[in-house]
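Note sheet for the following structure.
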2 protein chains.
Amino acid sequence: MSEPGLSLAERLEGGVRVGPNLTLTRNPERQSGDPAALAAILDEALVAHVAFVRRGWPVALPFFHAVGDLRDGHGPQLLLHGSPAAGLFEQAGSNGVDVAVCVSLLDGLVFARSTFGSSAHYRSAVIYGRARLVAPDLLPAALGFLVDHITPGRRQEVRPPLGQEVKKTAVLALGLTQATVKLAQSYQGESPDDGEDRGVWAGVVPLALRADQPRPSPETQNPEQIPPSVRALVERLNR
Amino acid sequence: MSEPGLSLAERLEGGVRVGPNLTLTRNPERQSGDPAALAAILDEALVAHVAFVRRGWPVALPFFHAVGDLRDGHGPQLLLHGSPAAGLFEQAGSNGVDVAVCVSLLDGLVFARSTFGSSAHYRSAVIYGRARLVAPDLLPAALGFLVDHITPGRRQEVRPPLGQEVKKTAVLALGLTQATVKLAQSYQGESPDDGEDRGVWAGVVPLALRADQPRPSPETQNPEQIPPSVRALVERLNR
């Protein structure tokens, strides 16, 4: 985040509204009002799935995202990376586009002694609101947040973006004030109708997105010299 | 699949329609009309993100999915697992609900010598159409496909579902005839505006969802005896 010493969770404290349409009807005990949980999900996930309505029909597409404060008075916002020519970004135009952004992390598969009792450990967030195109003068800052979200330090290892590259990029910004966060992280315990036979194995298979060994491009002169930003990414994912 | 010797890809051959609204405007060279690519994505992914429209507003939520032929004359369909009480399933009612289902796999992060040239290796599919609730008499078969999708063999290790459990479950079925598939899997090669300095490392960090060591539940009597279905899942993910 751009303001040292103040985490996203602290900035969102009290600012995440769970309105009447955003209350979970299913498993409401899994709903979290903790801004830190929302911040952690957005921080850890690499991909966001964006739903919007095009000519009355639902559409869902994957995007890279980040959270950043563009210093435009809106505080920390969810940023979505795209192109001016992409449908969602064209549709945003000057008035913005209503979206629902789902960011989910599948942390494990839960195997009970019945298929009905089997489930998943996950953390998911859905952020609702009107996403608006980031103004051209704020695009470099927005792109900085997007690069830093995945690979902090990479920006300092490569040349700065060219003006023509920034012009070919578009970013949507969405407030983080309307969101639902759902957490299922603990083993629910054996239930009586789970089958009497405790000899049947039950438990959890933990899951995580992991990195394999980086593969240098053909023209890279020093293929063994994996830069600090990429090494840190691999270590973070494989921790 | 339920018909031995005929893969989903073969069943879909020629049956996946890419209509005028489903043509990619961005990077159309990445669009695939290969039913095998769609089948592989649906097979490998564990989670689907479903977009729908509720009172005019977009919603996106994660669901477990599978592909299965319910022998109801519709051929292989995309199945989405839920509860009769969940909003999407209530909304489906007797007429169905229009959805866009996005299934994406992030296979790697591509680091060019510019942030603009950096991208991702991914495979993503979006299936469009009207999803309908599976009739009660077909629910057991649908649930079988859903369990088998994640963990083939698990059904045979646990007791069969109870009638009351099936009643608490709902499944939506969606034809696989309208879909877009997008693939970005090869390193795009060094581009001239990628920075002249070939000493800067460029390459790919491969990514995959991996399983950690299974953790038995507290009441499992033989915690070390991980069953064949769970072992096969772990091996499949960590291959």
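Distances between equivalent label points of B:GLU157 across the copies, with each point positioned 7 Å along Cα→Cβ, amount to 4.0 nm, shortest listed first. Put simply, the amide H of A:SER83, placed in the peptide plane, has neighbours under 5 Å in A:ALA170, leaving out anything fewer than 5 places away on its chain.
Between copies, the label points at B:ASP43 (set 7 angstrom from Cα along Cα-to-Cβ) are spaced 3.9 nm, reported in nanometres from shortest to longest. Close amide H contacts of B:VAL204 (hydrogens built in the peptide plane, cut-off under 5 Å, sequence separation of 5 or more or a different chain): A:ARG215, A:SER217, B:PHE111. With a 10 Å Cβ neighbour count serving as the proxy for reagent exposure, in which order, fewest first, do B:SER94, B:SER118, B:SER83, B:SER186 appear? Taking fewest neighbouring Cβ atoms as first place, the list is B:SER94, B:SER186, B:SER83, B:SER118.
Mean separation of Cα pairs under 8 Å and 6 or more residues apart, divided by the residue count, gives segment A:24-117 a relative contact order of 27 percent. In terms of other Cβ atoms within 10 Å, A:TYR187, B:TYR128 run from fewest to most in the order A:TYR187, B:TYR128.
Would you list A:LEU105, A:LEU80 from fewest to most Cβ contacts within 10 Å?
A:LEU105, A:LEU80
When you restrict to C-alpha pairs under 8 Å that are six or more residues apart and normalise by the size of segment A:101-227, the relative contact order lands at 37 percent. The charge dipole of segment A:8-208, taken about the Cα centre with unit charges on the Cβ atoms of Lys, Arg (+1) and Asp, Glu (-1), comes to about 760 debye, rounded to the nearest 20.
Averaging over all projection directions, the Cα-based convex hull of segment B:71-124 occupies 6.5 nm² in the image plane. Shape class for segment A:114-239, computed from the alpha carbon gyration tensor (a ≥ b ≥ c): oblate, with a/c not under 1.5 and a/b at or below b/c. Note on segment A:130-161 and segment B:90-115: Cα centroid distance 23 Å, given to the nearest whole angstrom. Label-point spacing at B:ARG215 relative to the other copies reads 3.3 nm, in ascending order, each point sitting 7 Å out from Cα along Cα→Cβ.
Values in this text are rule-based calculations from the coordinates and carry no lab data. Predicted model only: the values in this text are computed from it and were never measured. Quick reminder, even Gly has a Cβ in these numbers, built from the backbone with ideal geometry, and neighbours come from all protein chains shown.
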